[in-house]
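What follows is one structure encoded as structure tokens, with my remarks underneath.
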Amino acid sequence: MASTVSVQTILKRLTKGDAEPVLVADFQAWTTAPRLSRLLSRRADGHPVSQIDPIGVLSGDRPYLPLPELAELCAEEFLAADPAGGRVFIVGHCSASALSLHIAELLGDSHDVTTILVGPVWADLAHVRRRFAETLTNLGAAVRPCPDLDGDPVAAVARMEHVLKAEVDALAASRGLDSAADAFSELVGWYRGWLAFLLACHNDPRKTWDTARTTVVALAAPATQVTIPGLSVGAYRLEEVPALAQDEPITPELAEAVLAYVARR
């Protein structure tokens with residue numbers, strides 16, 4: 001599984017423990033609410049919890065990587081630390097669902113993998129454009145059309161970054177600050193990485209998943225219609241979780257629901 005991607009690590013260990021590992025692919029919400037991985041780590045009860053952070057990679061010197069390469073990087077890091085096998089849980093929140101399934105298949109040869117998709121979302125071009133508009137709103141900028149996302153994805157990411165950088169420059173100037181300051185550079189890098197990840201999700205060519213290598217369960221809010229592209233309804237288990245609400249902050253109750261499923265397995 002040789003990789004030529006950046007040396008930036010994608011896995012961050014949050015807790016230690018002797019129980020089954022839990023890998024969590026999630027993202028910081030637009031609010032100050034804690035990430036799902038952080039809430040799980042506080043309640044892990046012996047499970048070593050690691051945070052899968054593709055945005056950390058994509059906000060560095062590699063502005064774009066396809067999902068299979070991000071998954072390969074994650075699998076390499078995990079196997080280097082845990083080569084012995086055994087059971088592992090992969091928790092994918094929202095738009096991290098496809099990445100989680102890629103990782104599950106790579107680990108399925110050596111581990112007993114259960115993939116828990118929490119409020120799964122499959123990013124398409126409309127989703128990327130909507131998140132781009134939300135990013136502009138967060139920067140206090142007027143919403144404008146998303147740049148062209150077709151063709152070379154690296155160029156598409158660069159076009160979005162150009163717009164974001166101009167808005168951050170304007171934001172800094174309005175406050176009498178230097179937009180070259182680390183805080184502003186990190187802000188542009190994070191937003192660029194987030195949008196690049198969503199674009200990678202849209203560009204992902206995978207249409208089917210090998211359920212022989214992972215048990216898949218989807219946790220969704222009551223009365224929510226859930227589909228997993230490439231899997232028939234009978235190929236995964238669907239459970240309703242009252243604590244899960246669309247676009248609402250992650251709650252301790254949701255973390256408890258995820259860990260309750262881990263404990264039942």
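The values are calculated or read from the model by the stated rules, or taken from the named source; none is laboratory data. Since this is a predicted model, take the numbers as computed values, not measurements. A quick note on method: Cβ atoms are made from the backbone with ideal geometry, for glycine too, and the neighbour counts reach across all protein chains shown. Note: areas computed on protein heavy atoms with side chains; ligands, DNA, RNA excluded. Shrake-Rupley method; radii C 1.70, N 1.55, O 1.52, S 1.80 Å.
Quick look at the numbers
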{"quantity": "Accessible surface ranking that places the most exposed of His162, His47, His202 first, with a 1.4 angstrom probe", "calculated": "His162, His202, His47"}
{"quantity": "³J(HN,Hα) computed for each position of region 144-151 - Karplus, 6.51 cos²θ - 1.76 cosθ + 1.60, integer Hz, glycine/proline x", "calculated": "10, x, 5, x, 4, 9, 7, x"}
{"quantity": "Highest average packing first - 222-233, 122-133, Cβ atoms within 10 Å", "calculated": "122-133, 222-233"}
{"quantity": "HN-Hα J in Hz across region 72-88 - Karplus 6.51, -1.76, 1.60, θ = phi - 60°, x for Gly and Pro", "calculated": "5, 4, 5, 4, 4, 5, 5, 5, 5, 8, 9, x, 6, x, x, 8, 9"}
{"quantity": "Spin-label model distance (nm) - Arg237 vs Gln28, 7 Å beyond Cα toward Cβ", "calculated": "3.4"}
{"quantity": "Of every Cα-Cα pair in region 125-203, the percent that sits beyond 16 Å", "calculated": "46"}
{"quantity": "Alpha carbon convex hull of the chain, projected area averaged over orientations, nm²", "calculated": "14.2"}
{"quantity": "Rounded accessible area of Glu72 (nearest 10 Å², 1.4 Å probe)", "calculated": "50"}
{"quantity": "Helix-only [θ]222 nm of the chain, DSSP H runs n ≥ 4, -39500 (n - 2.57) each, per residue, nearest 500", "calculated": "-13000 deg cm²/dmol"}
{"quantity": "Within the chain, percent of DSSP bridges classed antiparallel, to nearest 5", "calculated": "10"}
{"quantity": "Modelled FRET efficiency - R0 35 Å, Ala170 with Leu125, Cβ distances, 0.05 increments", "calculated": "0.85"}
{"quantity": "Two-site label geometry, Ala181 and Asn203: point separation in nm, points 7 Å out along Cα→Cβ", "calculated": "3.3"}
